[in-house]
Amino acid sequence: MIRAKSLLCPCRCESQITNHCAKGVNLVSKRKITIDDLLALKWVSDPQLSPVGSRLVFVQTVVDRDADTYRSHLWVVPVDGGALRQFTAGEHRDSLPRWSPDGRRIAFLSDRGTAKPDPGVKRPKQIFVIPADGGEARLLVPAAYHPSDLSWAPDGRSLAFVGKPARDEPHSDVKVITRVRYKHDGEGFWDGRYKHLFRVSIDGDGSPQQLTSGDFDHADPAWSPDGRHLACVTNRTEEADFTNVTDVWIIPVDGGEARQLTGSIGPSSSPTWSPDGRAIAYYGHDNACMNATNTDVWIASAGGGDPVNLTAAADRSFEHHIITDMRAHPEIGGPVWSADGQRIFAIVAEGAMNQLAAVDARGAGVTVLISGRREIFGLAIGGSGDRAVVAASDPATPGDLWVVPLDGRAAERRLTQVNQAILDQVILSVPERFTYQGADDWPVEGWVMRPVEFRDGARYPTVLQIHGGPHGAYGEAFFHEFQLLAAEGFAVVYTNPRGSQGYGQQFTAATHHDWGGKDCEDILRGLDQAIARFPFIDPDRLGVAGGSYGGFMTNWVIGHTDRFKAAVSMRSISNNLSQWGTSDLAFMKGFWEFPGDPWDAPTWYWERSPLAYVERITTPLLILHSEQDLRCPIEEAEQLFAALRKLRRDVVFVRFPNESHDLSRIGQPRHRVERLHWVVKWLADHLRQPAAAVVREPAVAGGTE
């Protein structure tokens, strides 16, 4: 069990939330949120406290409309009060700021000075170092090494990083493939180089020194307190491409034999040393349910021995799990040790919330320190360890930074209000939470959002949204797309069906061999309960939308019912047989999620594919897909579209060039805007709801039929 120490929530806990559109907000002085408001938002991320805890550096990202891209810069703020200071500037993206041990310098990644990459691939980064009191940033590691994952040596004289061996010789653009993991969504195709650990002198008196070698990747370097070793994670198993195993290894920095610390039972990540250097905490699990397994906080003796799972009894996952359109893969960091080595701080998934917990390092249990109905997506603990800084969002706040005393004796204090100028102008619909009995009478959590111009007695067209994963979850977080739909006159319903994280191992693993089964029943029961409880939902004007696994479920649902008048399928799956071999990761499903590989269970794969039921689909369908999506490749959309056109059904297929699976979260700004235009117009046209958003008429490749 997890013990709750306090319930501190300045960001609109359930008891504090009122529905802005239903509680007398002056509509004359406010306006509805728009698609273009997305371009005016600012995003904070990756807070990092200075060693003494007096200053905070973080990343702020904004949209550059003219260049149709994002700019990310470092900002610094005094923790005890003072003005925000923009620390870096320019037409580039800075990220991953890390303080030197003496607090005099900050190392960071930046794409400044790098060449534009292939379509759908992120721009390469370089490592820079800048004085903490300001000055010019100095290049330390060039883009040729593809650096990432920075870690300062305890003496501050060198940095460890993950990179690739530099190569200067020309190489062919012909791809010769010998391994199954030859591509990764958002990164593109493997270039033949593995990721290794490097060390580089801060004084710049030499090239980076490669510390590891071999045909395997490394990640998450962490220095031992004495500076003699690096902990990292790597998969050195015999068939690494076919497993999700990563072990914690200890690498002697000045030469010697690398040593494996964990036992190849599952994925491990983010190792951190105890203050005395005698133990290492890390995130991991035993692969009991593959990627549906709860991630726990583990501890291992640095000298060897069996690791111990410290959080198994909590039956929750210690990771960020919440899906929104505000961020893709936030940098939440690893478990953080208290100064006395008695506690380990970590983010834990609790239903639709991310909370900060303290894990007893001796295995005596877990205590929640920061709770409340919100999403924590960044954590920093520094100085004496008596306070934390969290990056947090709630349904009415895209994200800000808060100082939180860890002893519970003082109130939380807000450090930033980066989007307040916009939030003061717009009317927001605050989600209303409800619970219901899903399949097998399991309790399921859901939410309803009212249209912002809600009036008693009226009925409204309603959109059922389905999240991806399936092992992600909707949460107590800001979702621009949902707010936009509410502003356009729609009610929005969304739920966390079985498979979602945050509700215990049995619940998360319940999609095992059952995609389209009881998970679908959970979702549709949630819609039925919403209709029964909220009489403003018009059951004759229902739409359904979802992305990734949510796109699979959208395709599946409209092949099994005609109750929806419109559907939007995004980055979806239509054919489990074909996706198995074309996706960057779907070949792993046969180890647990599905009952074997396609040749083991071809009938199951086909019968659990929406394409098998395409003749039943009569719901007008909008298909949105990125051309560089390597997770759910665009052939999944092409198959479904071709079949529906052959059947003369109402379907439109919109392709987004140079975009990955994360279009809705980090895609090119103009593509994100156009995607929202299509969603709003399609739903408005088919649910007979006037749309304020206007989209140009599509240019149909190959003519019209």
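The values are calculated or read from the model by the stated rules, or taken from the named source; none is laboratory data. Please read all numbers here as calculations on a predicted model, not as lab measurements. Cβ sites come from the backbone with ideal geometry, for glycine too, and all protein chains shown count toward neighbours.
Name the residues in segment 656-681 that are assigned to a loop (DSSP other than H, G, I, E, B) and either in contact with a helix residue (DSSP H, G or I) (Cβ under 9 Å, 6 or more places away or on another chain) or under 14 Å from T34 (Cα atoms) (or both), would you?
Answer for segment 656-681, where residues must be assigned to a loop (DSSP other than H, G, I, E, B) and either in contact with a helix residue (DSSP H, G or I) (Cβ under 9 Å, 6 or more places away or on another chain) or under 14 Å from T34 (Cα atoms) (or both): P657, N658, E659, S660, G667.
With respect to V253, is the statement that it is within 30 Å of K589 (Cβ to Cβ) and among the hydrophobic types (A, V, I, L, M, F, W, C) true?
No: the conditions fail for V253.
Can you tell me which residue is surrounded by the fewest Cβ atoms within 10 Å (Cβ to Cβ) among those in segment 388-410 that are without any contact (Cβ under 8 Å) to a residue 60 or more places away in the chain and either within 18 Å of P330 (Cβ to Cβ) or out of contact with any strand residue (DSSP E or B) (no Cβ under 7 Å at 6 or more places or on another chain) (or both)?
The residue in question is R409.
Restricting attention to segment 263-283, report how many residues are part of a strand (DSSP E or B), within 21 Å of the chain's Cα centre (by Cα) and on the phi < 0 side of the Ramachandran plot.
Residues that pass the stated criteria total 5.
Of the conditions (1) touching a strand residue (DSSP E or B) at 6+ places or on another chain (Cβ under 9 Å); (2) of a type in the set (D, E, K, R); (3) surrounded by 13 or more Cβ atoms within 10 Å (Cβ to Cβ), R181 fails just one. Which one is it?
It is condition (1) that R181 fails.
Given G90, G186, which one is at positive phi and either modelled with pLDDT under 95 or within 23 Å of the chain's Cα centre (by Cα) (or both)?
G186
When segment 622-655 is examined, which residues are found to be among the charged types (D, E, K, R) and not in a loop (DSSP other than H, G, I, E, B)?
E635, E636, E638, R645, K646, R655
Could you say which residue among A364, A391, A380, A357 is assigned to a loop (DSSP other than H, G, I, E, B) and farther than 25 Å from V492 by Cα?
Selected residue: A364, the only one of A364, A391, A380, A357 that is assigned to a loop (DSSP other than H, G, I, E, B) and farther than 25 Å from V492 by Cα.
In segment 432-471, which residue that is part of a loop (DSSP other than H, G, I, E, B) and touching a Lys or Arg at 6+ places or on another chain (Cβ under 9 Å) is farthest from H512 (Cα to Cα)?
E453
More than 27 Å from V673 (Cα to Cα) and not in a strand (DSSP E or B), is that true of A89?
Answer is no for this residue.
Yes or no: G385 in contact with a Ser or Thr (Cβ under 7 Å, 6 or more places away or on another chain) and surrounded by fewer than 24 Cβ atoms within 10 Å (Cβ to Cβ)?
In short, yes.
Tally the residues that are under 18 Å from Q209 (Cβ atoms) and of a type in the set (A, V, I, L, M), restricting the search to segment 243-264.
Final tally of qualifying residues: 4.
Suppose the filter is touching an Asp or Glu at 6+ places or on another chain (Cβ under 6 Å), part of a strand (DSSP E or B) and over 15 Å from M326 (Cβ atoms); does V404 pass it?
Yes.
If I go through segment 289-305 residue by residue, how many of them are without any contact (Cβ under 8 Å) to a residue 24 or more places away in the chain, within 30 Å of F594 (Cβ to Cβ) and assigned to a loop (DSSP other than H, G, I, E, B)?
0
Only one residue in L484, L415, L423 is more than 22 Å from the chain's Cα centre (by Cα), under 30 Å from W75 (Cα atoms) and crowded, with 20+ Cβ neighbours inside 10 Å. Which one?
Going through L484, L415, L423 in turn, just one is more than 22 Å from the chain's Cα centre (by Cα), under 30 Å from W75 (Cα atoms) and crowded, with 20+ Cβ neighbours inside 10 Å: L415.
Select from segment 231-263 the residues that are touching a residue at least 12 places away in the same chain (Cβ under 8 Å) and among the acidic types (D, E) and write down the one among them that is nearest to Y194 (Cα to Cα).
So the residue we want is D241.
So G82 fits all but one of (1) in contact (Cβ under 8 Å) with a residue 40 or more places away in the chain; (2) surrounded by fewer than 20 Cβ atoms within 10 Å (Cβ to Cβ); (3) out of contact with any helix residue (DSSP H, G or I) (no Cβ under 7 Å at 6 or more places or on another chain); what number is the exception?
Of the numbered conditions (1) in contact (Cβ under 8 Å) with a residue 40 or more places away in the chain; (2) surrounded by fewer than 20 Cβ atoms within 10 Å (Cβ to Cβ); (3) out of contact with any helix residue (DSSP H, G or I) (no Cβ under 7 Å at 6 or more places or on another chain), the odd one out for G82 is (1).
Search segment 598-621 for residues being part of a loop (DSSP other than H, G, I, E, B) and in contact (Cβ under 8 Å) with a residue 12 or more places away in the chain, and hand back the single one that is surrounded by the most Cβ atoms within 10 Å (Cβ to Cβ).
Checked segment 598-621; the qualifying residue surrounded by the most Cβ atoms within 10 Å (Cβ to Cβ) is S609.
Just give me the residues in segment 300-359 being surrounded by 20 or more Cβ atoms within 10 Å (Cβ to Cβ), among the charged types (D, E, K, R) and within 26 Å of Y70 (Cα to Cα), in sequence order.
Across segment 300-359, the qualifying residues are D325, R327.
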